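The values are calculated or read from the model by the stated rules, or taken from the named source; none is laboratory data. Note that the coordinates shown come from a computational prediction; the quantities given were computed from them, not determined experimentally. Neighbour counts are summed over all protein chains in view; Cβ atoms, including those assigned to glycine, are modelled from backbone coordinates with ideal geometry. For accessibility, only protein heavy atoms count, side chains too; no ligands or nucleic acids. Shrake-Rupley method; radii C 1.70, N 1.55, O 1.52, S 1.80 Å.
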Amino acid sequence: MANPKDPKECSFSFSDFPEDVQLCILSFLSLPDIANFACTSKRSVSLCCNDTKLWFTLCQRRWGSKTQINKWGGGQITNKLLYKTLTQWENLIGFWRHCGRAGLSGQCPRLIIFEWGPSFVSGSRICPSKNGTYYVTKSPFLWMGISPDGQIVYFLDLEGQTEIPSGDFGSWLEFVCLDQNLVPANVNFMGKDHFVVEENLNFWHSSKSKDVLRSSSSSKNLIEDSDEVIESGIAGSLPDRFVSEMYMHFANRTSPGGGGDRAWRRQRKKEKERQGRRKWEPEHFLKVVDCSPTPDKPLQGLWKGISGDMNLNFYLVKYDEIGGIICQRIGDFSSSYTLVFWTSEPMSMESPFSLEEERIYDDRIHFQPVAAEDQIHSQPAMTGIEMVSHIQHINSSCNLMLPSLVGSAGLQHGEGRIWQYMNGTFGFGFLRDHFIIDLKHIIQEGRLLDSVNLLQ
């Protein structure tokens, strides 16, 4: 009789588990580990190659709480393709800042945020409000999705007026192909923290060449040959071809009397007019890696504050390698960043403070929102030194324009203070001035604060 306490008698193999338990366990493994597991037996190969089971489980475990896995690509794409695509796009989630001077388009946002949608990823412009409050405006900038036939598609929303997709992304694409505010685009990733957005100039050309080919020949071989030409890059990329063909299908379906070709000519004319009105040049974006404070770096991250002209500004604060603090003002559609202050090895003081430091603080004016209704959403007025936990000295400031240093106004030395408040925010000011700019968080616990959707 077997001894139930003997581990050798009670052991059983991985294959003895129910299949759903096996899939759950495998979903915790990395892809190299899954590949190694697949080499152990024929059954393991079958289990690991099952797209509707293992790859769906992998997608669901990793992104199921953030997006609706079944809705991507209209539910018609493979989960393996979805896993590969979302693995790359996952790193986009969060804040990115424009790098370099704005192009000729003049519509490149300085700060954008990427977020998950039900069946897409969207990038939105984040801009300071213009009404003297702490509110920030949010409007569409870049749409990213997968077509039902598995093609990656990107659209630039130059005017930020497109409604958020309510249904599946494929049906939404059929609508947006007629929207002149959207521009087909390509997104090129250069590592994890850098990407380039450029306009896809071959979008409509690939549509016409492919449509003529389909309508003029019933030969399957000729169609397949044309696919090879398009895939080689002569007539445009696959994402462009799919979306353009979808527009032709929609135009043919809605135009009576075979007016699809006339619809295409009208669309092509409008496209040329649109390109004549605005041109999107390739623009580079860098990820804002440290967008929130940490216990060791309480000042780092993205902040917003009302300045002397009573307008809201965005600020990016970073710590350098030697412990210094760099504060940059982020423009809306400006050509560069403005370096507000830089201080190396700042001196820090804790409460209680000297009478001189109390006088410096109490003699200054705190800028507050001009709109009375925004007082509810603003931080409490810092009216006493008791609100301050730490004070740091600023030993230099500048109005240097970045990133180009040539021909700049140069460094302007000046003494100032950084006042850290009990609530985790801070303010700064210079002794030559008589005011304090109090800063608030733009983002907290991954959530954009005080945002106003321009489409609502």
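Among the candidates K130, K138, the residue that is part of a strand (DSSP E or B), open to solvent by 10 Å² or more (accessible area, probe 1.4 Å), in contact (Cβ under 8 Å) with a residue 24 or more places away in the chain and not β-branched (V, I, T) is uniquely K138.
Exactly one residue among E159, E163 is surrounded by fewer than 21 Cβ atoms within 10 Å (Cβ to Cβ), closer than 26 Å to K304 by Cβ and of a type in the set (D, E), and that residue is E159.
Could you list, in sequence order, all residues of segment 432-452 that are open to solvent by 40 Å² or more (accessible area, probe 1.4 Å) and in a strand (DSSP E or B)? Scanning segment 432-452 gives F435, Q444, R447, S451, V452.
Restricting attention to segment 166-211, the residues that are open to solvent by 70 Å² or more (accessible area, probe 1.4 Å), modelled with pLDDT of 65 or more and of a type in the set (A, V, I, L, M) add up to 2. Kindly evaluate P7 against the criterion of being within 29 Å of the chain's Cα centre (by Cα), modelled with pLDDT under 85, open to solvent by 80 Å² or more (accessible area, probe 1.4 Å) and not hydrophobic (A, V, I, L, M, F, W, C). It is false that P7 is within 29 Å of the chain's Cα centre (by Cα), modelled with pLDDT under 85, open to solvent by 80 Å² or more (accessible area, probe 1.4 Å) and not hydrophobic (A, V, I, L, M, F, W, C). Among the residues of segment 12-28, the ones that are open to solvent by 80 Å² or more (accessible area, probe 1.4 Å) and at pLDDT below 75 come to 2 in all. In segment 270-307, the residue that is surrounded by the most Cβ atoms within 10 Å (Cβ to Cβ) out of those that are modelled with pLDDT under 65 and more than 21 Å from V187 (Cβ to Cβ) is K270.
Would you check if there is a residue in segment 78-98 being assigned to a loop (DSSP other than H, G, I, E, B), within 24 Å of G170 (Cβ to Cβ) and over 19 Å from the mean Cα position of the chain (by Cα)? Yes, some residue in segment 78-98 is assigned to a loop (DSSP other than H, G, I, E, B), within 24 Å of G170 (Cβ to Cβ) and over 19 Å from the mean Cα position of the chain (by Cα).
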